[in-house]
Amino acid sequence: MMLERLLLSLLFVLPSSHFNTVQSVDVIKEMKNTVTINQVAQAVKDDEREEKQIHIKQVGMVNKLKTESETKKTAEKIINKKKNNDNWTTYRITAYDSGVQSTGKSPGDKGYRITKSGEKVKEGRTVSADLNILPIGTVIEIESVGIRTITDSGSAIRGRRLDLYIESHKEALNFGVRNLKVRIIKMGKGKI
């Protein structure tokens, strides 16, 4: 509508001697068609530009969602790890030494001072467990004792029982039997 008014006003401004009526109508139609084609061409360009911008935004949103998803998964892993690390379970704990009274082996016997994992016993590290519950290589923290690694098993160590290695026979006996809380720091794979 505005376009037609503009074209008509141009016709009145221009000297009328230059146009006859038929030519004027043809010129108006041609100008109208030209403007319409240019408008269509511009509209197509604008649409393409908008589509590109929308695509860029969509790709950005997908990447953002991927990043948010990965961040969420990482956070869930950390939370689950923390939950696992906060799970304390009560175990019945005793102590043993490498002597014949604890192991049935004497110096010179095959396997004397050697754990099920093949390592030598070491105070502050070695602990025996039921390998069906805590496999060799499992790292645990024992309340008021510290961090230990499951490297051994024993015939009497079944269920929620642990047997700490202590070098001195006297200290192992003095340890007695204690019910202490234990948490798994890292689950072992059955070997060191």
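Where a number appears in this text, it was derived from the coordinates with a stated rule and is not lab data. Please read these numbers as outputs of a predicted model, since none were measured by experiment. For neighbour counting, all protein chains shown are included, and Cβ atoms are generated from backbone atoms with ideal geometry for every residue, glycine included.
If you take the beta carbon distance between Glu70 and Lys186 as r and set R0 to 35 Å, what does 1/(1 + (r/R0)^6) give as a FRET efficiency, to the nearest 0.05? Walk me through the numbers before you get to the answer.
Details: r = 24 Å, r/R0 = 0.68.
The pair Glu70/Lys186 has a calculated efficiency of 0.90.
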Reduced Cα scattering model of the range 87-164, Debye log10 I(q)/I(0), q = 0.11, 0.15 Å⁻¹: -0.26, -0.47
What is the magnitude of the charge dipole of the range 120-192 about its Cα centre, with +1 placed on the Cβ of each Lys and Arg, -1 on the Cβ of each Asp and Glu, and no other charges, expressed in debye to the nearest 20? 240
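If Lys and Arg each add +1 and Asp and Glu each add -1, what is the summed charge of the other residues whose beta carbon sits under 14 Å from the beta carbon of Arg160? Please list the in-between numbers first.
On the way: positive: Arg92, Arg158, Arg161, Arg178, Lys181, Arg183; negative: Asp130, Glu143, Asp163.
Once positives and negatives cancel, what remains is +3.
Please give me the summed charge of the neighbours of Lys122: other residues whose Cβ is under 15 Å from its Cβ, Lys and Arg +1, Asp and Glu -1. Don't jump to the answer; show the numbers that get you there.
On the way: positive: Arg113, Lys116, Lys120, Arg125, Arg148; negative: Asp97, Glu119, Glu123, Asp152, Asp163, Glu167, Glu171.
That works out to -2.
If R0 is 25 Å, what FRET efficiency do you get for Lys57 and Ile37 from their C-beta distance, rounded to 0.05?
Details: r = 30 Å, r/R0 = 1.22.
The pair Lys57/Ile37 has a calculated efficiency of 0.25.
Quick one: net charge of Asn179's neighbours, Cβ under 12 Å, K/R +1, D/E -1? Write out the running numbers ahead of the final one.
Numbers: positive: Arg92, Arg160, Arg161, Arg178, Lys181; negative: Glu143.
Counting the neighbours of Asn179, the net charge comes to +4.
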Need one number: nm distance between label points at Asn87 and Ile147, each 7 Å from Cα along Cα→Cβ, rounded to one decimal. 2.0
Residue separation times 0.36 nm, minus the C-alpha to C-alpha distance between Glu48 and Lys122: what's the value? 19.3 nm
